[in-house]
Amino acid sequence: MKTSLRTDLTVSDVCDGFVYNQLEGKGLFGLGGKLTIQPEYQRNYIYAEGGGKREEAVIHSLLKGYPLGLIYFNKVGTDKFEVLDGQQRITSVGRFVTNKFAITDDGNPKTFDGLAADQRDKICKSKLLIYECEGTESQIKQWFETINIAGVPLKPQELLNAIYSGPFVTKAKEEFSNSQNANIQKWGAYVKGSANRQDFLERALDWVSKGEIGSYMSAHRNDTNIDELKNYFNSVIDWVSTVFTDVLPEMKGLEWGRLYEQYHSKSYDPANVSTEVKRLYGSPYVKNRRGVFEYILGGLQDSKLLDVRVFDDATKQSVYATQTAAAQANGTSNCPLCAVGHAANQGKIWNLAEMDADHVSAWSKGGDSSAKNCQMLCVTHNRAKGNR
Ligand SMILES: [Zn+2]
């Protein structure tokens, strides 16, 4: 089956000669008679049901400049089309521009003719994204079933590429969506996904725009170069591959753009970094290896990133028992910090439930989570010691 994307048709083109059959409950024709809106295999118009909230939403979307999503036409002859998907939306628009229903605008019901001239103009000039498909009846029907089961089989970035099509997207796709690009393999160590499903382009845009992909694409739509996009992406990748000389599977798909922004002005010794990566990868206490990189970049401070395996219950119970027996023999508190304090708790024996396990030698300084590095502290003292 052949498909091609059309972005030239406006609401007024598609609604040209729109006919709505009240009796059959169907939008019949558009595009100056060239388009059949509801062919036999389509359900009837349902957007007017339930008080018409859905058809009103279609019109409000147009007024706000939101895209209506993809519409699929089946080309059935020279300049003859049927709507494969999108008939409800087209019928909503057609019914509205022929004054079949009103929307609520500023608290008042307004038909199309009742809108201000600029609002009418905005609706009429809204462009629709239309895929024209050509194929045999069985291909079309099979495909139609698929899009109705799986929804529109497009990724968000593919949709954005269609919405903001122009010289910028063309150039950007040449660079980031081209599986023949020799850099793809290198990038693939840090970025998840595939070139032809737009995952690299999406990441590059996400990084340079700090998450504002749509507005970035809109602002650069007519640019004839992609220098900024390309340079920024390369800066991030070069930085990661310089700081971390080891290429590890857990690096793929991390938020490298954010990490670059946060840490690229700090200096790192790649040899030390590599030693640290290997040590942490070898540690049985690190549960989250994906956190190793940010942990190192942040100067080995935030061990939450590593989801460090803590002391198990058996270790805590045995340390508690030993500590408590010794404290009772000495007549001091079984919390070593309470015991040396000046408060009323100097001699207090806490229950196990009132205490927490603490690393004597901080985990971040190489202390492990074994019994000999474990001490039980009362909850207050353990909290005060904080995350070391
Ligand atoms: Zn204490």
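Within the bounds of region 269-280, is there any residue that is of a type in the set (A, V, I, L, M, F, W, C), touching a helix residue (DSSP H, G or I) at 6+ places or on another chain (Cβ under 9 Å) and within 16 Å of the ligand (Cβ to nearest atom)?
no
Looking at region 314-329 only, could you name the residues that are buried (at least 17 other Cβ atoms within 10 Å of the Cβ) and within 16 Å of the ligand (Cβ to nearest atom)?
Correct list: K316, V319, Y320, Q323, T324, A327.
Here is a check on your reading of the model: is A384 more than 11 Å from the ligand (Cβ to nearest atom), not aromatic (F, W, Y) and not in a loop (DSSP other than H, G, I, E, B)?
No: the conditions fail for A384.
Just to check your reading of the model, which residue among L306, L377 is more than 15 Å from the ligand (Cβ to nearest atom) and crowded, with 17+ Cβ neighbours inside 10 Å?
None of the other options fit; the residue is L306.
Take the residues of region 352-374 that are assigned to a strand (DSSP E or B) and over 13 Å from S303 (Cα atoms): which is nearest to the ligand (Cβ to nearest atom)?
By that ranking, first place goes to M355.
Filter region 330-347 for residues that are of a type outside the set (G, A, S), surrounded by fewer than 17 Cβ atoms within 10 Å (Cβ to Cβ) and part of a loop (DSSP other than H, G, I, E, B); which is nearest to the chain's Cα centre (by Cα)?
The selected residue is V340.
What pairs come out if I take residues in region 325-350 that are on the phi > 0 side of the Ramachandran plot and pair them with residues that are near the ligand (Cβ under 8 Å from one of its atoms) whose C-beta lies under 8 Å away, six or more apart or interchain?
Taking only residues 6 or more apart or on different chains, not a single pair turns up.
Just for region 49-80: of the residues that are closer than 30 Å to D118 by Cβ and in contact with an Asp or Glu (Cβ under 7 Å, 6 or more places away or on another chain), which one is surrounded by the most Cβ atoms within 10 Å (Cβ to Cβ)?
F73
Residue pairs, Cβ under 7 Å, 6 or more apart or interchain, first in region 288-316 and touching a residue at least 60 places away in the same chain (Cβ under 8 Å), second of a type in the set (A, V, I, L, M) and buried (at least 17 other Cβ atoms within 10 Å of the Cβ). List them.
Correct list of pairs: V308/V286; F311/A357; K316/A357; K316/M376.
Which members of region 211-252 meet the condition of being in contact with a Gly (Cβ under 8 Å, 6 or more places away or on another chain) and modelled with pLDDT of 95 or more?
Those that are in contact with a Gly (Cβ under 8 Å, 6 or more places away or on another chain) and modelled with pLDDT of 95 or more: V236, K252.
Under 8 Å between Cβ atoms, which residue pairs at least 6 apart in sequence (or on different chains) link something in region 174-195 that is in contact (Cβ under 8 Å) with a residue 24 or more places away in the chain with a partner that is surrounded by fewer than 18 Cβ atoms within 10 Å (Cβ to Cβ) and of a type in the set (K, R)?
E175/K230; G188/K252; A189/K252; Y190/K252; V191/K252; K192/K252
The values are calculated or read from the model by the stated rules, or taken from the named source; none is laboratory data. The structure displayed is predicted, hence computed values, not measured ones. Positions of Cβ are backbone-derived with ideal geometry, glycine not excepted, and every protein chain shown enters the neighbour counts.
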